[in-house]
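Q: This is the structure, below, for whatever I ask next.
No lab work stands behind these numbers, since they all come straight from the coordinates. As the structure is a prediction and not an experimental result, all values here were calculated from the model. Please note: Cβ atoms are built from the backbone with ideal geometry, for glycine as well, and neighbour counts cover all protein chains shown.
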Amino acid sequence: MQVGTNTSFILEGKRNNPVLVLANSLAASPSMWDTQVKSWVKNYQVLRFSYPGHGDTVANDKVTTIDLLAAELMALLDQLNIKKFSLVGLSLGAMLGLYVAAKNPGRLQALVAANFRPFQNETTKEQWHQRITAVKEKGIEAIVDGTAERWLSASFRSANMGIDKKIRKMIRETSAEGFMACAQAVKDFDARPFLAEIKCPVLLISGSEDLAAPVAEFVAVKTAIQNSSYLMLEAAHISNIEREKYFTSAVSNFLKLNLST
C-alpha cells in the first residue's frame, strides 16, 4: 500500500494499539519480519515499509543518505497520522532508528537497534565501494552469494536450507538501483556525532558471529547512549531470523517494560 509518499508499507493490528515500526536490512523486504509480526501484532499496530528500490517501493535512481531515509519514514508516519511510535531496526534499519531517535526525541518512544556498525572505517568503506561497483557493472546477482553468506552462519544455513533459499531470493529481488542508493547510505553512515542525543530507552543487539557488525563495536555505543541495554545472541548478521525465538522474546520484554500497551 502507498499513501502520499512513494513508500510502500504494510500496517497491521488494532487501530488503538501502540505503533511499532520495523525497519529492514539493506537488500531486504518486509518479509524478513514475518515471524515476529505474528507475535507483535497481538499488542501493537505493526508498520513495515520498504526503502527505495526495495520491496514494492519504486527506485528513484538517486544516491540516498540516512537523513533522507529518515525524512521519507517520517513523511509516511505523518501521512498515517502516527505521532508516537517505537522502532525495531536491523542493520541499515538500526542505523535509521538511531538517527530517528536522536532527531525526533518527542516521537520515538523506544528503540531496538540490532546488528549494525556505528560508523565505517576505511577498510569497510572500501568493501562497500566494491559492492556498489560490482552491482553497477554486473547487477544485483553479483552480491547475492556473498551477502547471504554474511547474513546467516554456515551452520544455520546448512541446517535450514529453505530459509537460506528464501534469503537469497529476497536479496535477488532488490533492484540494483535501490541497492546502490541505500548501500551508499550505509557506507557514509556515522552515528558518533549524535549518539549522546538519544534519550529514549534503547536495546542494542549484536550477533556473536556477525562479521558485518562486530561485537566489539557495541561497547562504545552502549557507553554513549545513556538509557541503553545490550544483548548478544549466538548468530550472524540477521539475528532476528537465525535466533528467532530469542530475538522476539527479548524485544517483546523490552517493549513491555518500556511501553504501556
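Q: Take every Cα pair under 8 Å in the chain that's 6+ residues apart, average their separations, divide by the length, and report that relative contact order as a whole percent.
A: 22 percent
Q: Taking 0.36 nm per residue of separation and subtracting the Cα-Cα distance, what length does fully extending K138 through N6 add?
A: Gain on stretching K138 to N6: 44.8 nm.
Q: Oh, and also: Pick from D210, D188, D78 the residue whose mean-square fluctuation is largest in a GNM of the chain, springs joining Cα atoms under 10 Å.
A: Top of the fluctuation ranking is D78.
Q: Next question. Using θ = phi - 60° and the Karplus relation 6.51 cos²θ - 1.76 cosθ + 1.60, list the HN-Hα couplings for segment 221-233 in order, rounded to whole Hz, with x at every Gly or Pro.
A: 5, 4, 5, 6, 9, 4, 9, 10, 10, 9, 9, 10, 9
Q: Given the options A71, A185, A213, state which has the largest fluctuation in a GNM of the chain using a 10 Å cut-off (strictly under) for Cα springs.
A: Maximum fluctuation in the GNM of the chain, among the listed residues, is at A71.
Q: Okay, which of segment 30-54 sit inside 12 Å, backbone N to the point 7 Å along the Cα-Cβ direction of E244?
A: 32-39
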